[in-house]
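Everything below concerns the one structure shown next.
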Amino acid sequence: MIVARSIGELDLPRNGIVGLVPTMGALHAGHTALFEAARPDCDVLVASVFVNPAQFSELTDLSAYPRDLDHDVSFAAEHGVDVVFAPPPGEMYPDGFATWVEPGGAAEGLESADRPGHFRGVATVCLKLFNLVRPQIAWFGRKDAQQVAVVKQLVRDLNVPVEIKVVETARDHDGLAFSSRNGRLTTAERELARAIPRALETRDPVAARSVLEAAGLAPDYVEVADLDGPTLLVAARIGSTRLIDNVPLPKGARS
Ligand code: PAF
């Protein structure tokens with residue numbers, strides 16, 4: 001497996017299908033599902049590992065984000081990745097960087113209410129990664145349903161030649177969606193967090209809110225939105241950790 005630690009080192013074989021799984025590292029079972037979905041469809045599978053400062057609204061959240069490139073490289077190698085692309089922040093955002101992608105539409109509401117500028121950072125880094133890796137296909141997880149909608153909109157609106165494929169949310173034995181943020185939960189917080197998948201199981205925003213509130217959680221939002229079909233979405237803080245999750249609803253469910 002190749003590890004490209006700079007843009008200059010990213011010299012990809014261009015024969016066949018190049019696939020990209022963009023990540024911020026701290027690879028876990030949720031990423032395994034992405035790699036497993038991607039592997040059979042591509043000749044060269046690239047995973048980017050880049051903690052994108054531009055998508056964090058809080059500095060404390062950015063500095064608390066787990067970083068362990070050695071772990072990520074071994075994990076990626078074990079899961080069939082051919083190339084890990086891990087550029088330094090100074091190369092992605094050099095001095096004088098001043099051009100941003102400002103997504104509207106799907107980026108409005110939900111996460112943007114709590115994290116202003118988040119999707120500007122996501123859309124900008126995704127476009128940069130697409131330009132650098134030039135994949136024919138890129139895979140994203142359904143857990144970040146609004147992100148998926150924003151990336152699909154970006155690709156459509158700016159005519160980026162990449163197909164976006166979506167992988168269903170991978171869940172732990174207790175129903176909690178895999179996330180790098182789960183590692184920050186204490187045992188008691190993890191117990192509380194189980195209310196999130198339980199809330200989503202109701203498939204109803206009012207009932208879901210009741211489940212969360214009964215568990216003592218004050219959600220940032222519990223909403224149905226049309227993201228590739230009606231979707232029930234939840235965001236809630238447990239201690240200092242903010243978790244998001246969602247479930248697709250049957251077509252025709254009200255948003
Ligand atoms: O979902 C993520 O890990 C990030 O938002 C992404 C898509 C890698 C962009 O930094």
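Data overview
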| item | result |
| --- | --- |
| Fully extended contour minus Cα-Cα distance, from N159 to D228, at 0.36 nm per residue | 23.0 nm |
| Other-chain or far-sequence residues with amide H under 5 Å of L20's (modelled H) | V46, I137, A138, W139 |
| In order through the range 209-218: 3J(HN,Hα) via Karplus (6.51 cos²θ - 1.76 cosθ + 1.60), integer Hz, x for Gly, Pro | 4, 4, 4, 5, 5, 5, 7, x, 9, 10 |
| Hull shadow area, averaged, the range 30-110 [alpha-carbon convex hull, nm²] | 7.6 nm² |
| Dipole magnitude of the range 94-158 about its Cα centre (Cβ charges: Lys, Arg +1; Asp, Glu -1), debye to nearest 20 | 300 debye |
| HN-Hα J in Hz across the range 55-68 - Karplus 6.51, -1.76, 1.60, θ = phi - 60°, x for Gly and Pro | 9, 9, 8, 10, 4, 5, 5, 5, 6, 7, 5, x, 10, 7 |
| R0 of 45 Å, Cβ-Cβ distance R5-A188: FRET efficiency to nearest 0.05 | 0.70 |
| Relative contact order, percent, the chain [alpha-carbon distance under 8 Å, six or more residues apart] | 17 percent |
| Amide H partners (placed H, <5 Å) of A26, local residues excluded | D68 |
| Mean separation of Cα contacts under 8 Å, 6 or more apart, over the residue count of the range 39-119: relative contact order % | 43 percent |
| Assigned charges on the beta-carbon of Lys, Arg, Asp, Glu; the range 32-95 dipole about Cα centre (debye) | 40 debye |
| Over the chain: Rg over Rh, Cα atoms, Kirkwood Rh | 0.95 |
| Förster radius 51 Å - calculated FRET efficiency between A218 and A98, Cβ distance, rounded to 0.05 | 0.85 |
| Interchain or long-range residues, amide H under 5 Å from V167's placed H | F140, G141, R142 |
| For the range 169-255: span of alpha carbons on each principal axis (Å, largest first) | 39, 25, 19 |
| Hydrodynamic radius of the range 62-104 per Kirkwood, over alpha carbon pairs, in Å | 13.3 Å |
| Diffusion constant of the range 117-159 at 37 °C, which comes from Stokes-Einstein with the Kirkwood Cα-pair radius and 0.692 mPa s, µm²/s | 307 µm²/s |
| Unit charges on C-beta of K, R, D, E only; dipole of the chain, Debye | 360 debye |
| Selected from L243, I164, A225, residue furthest toward positive end of dipole (the range 157-254; charges at beta carbon) | L243 |
| HN-Hα J in Hz across the range 44-50 - Karplus 6.51, -1.76, 1.60, θ = phi - 60°, x for Gly and Pro | 10, 9, 10, 10, 8, 10, 8 |
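Read-outs throughout are calculated quantities, based only on the coordinates presented, and are distinct from any laboratory measurement. Computed from a prediction, not measured in an experiment: that's the story for all the values here. Please note: Cβ atoms are built from the backbone with ideal geometry, for glycine as well, and neighbour counts cover all protein chains shown.
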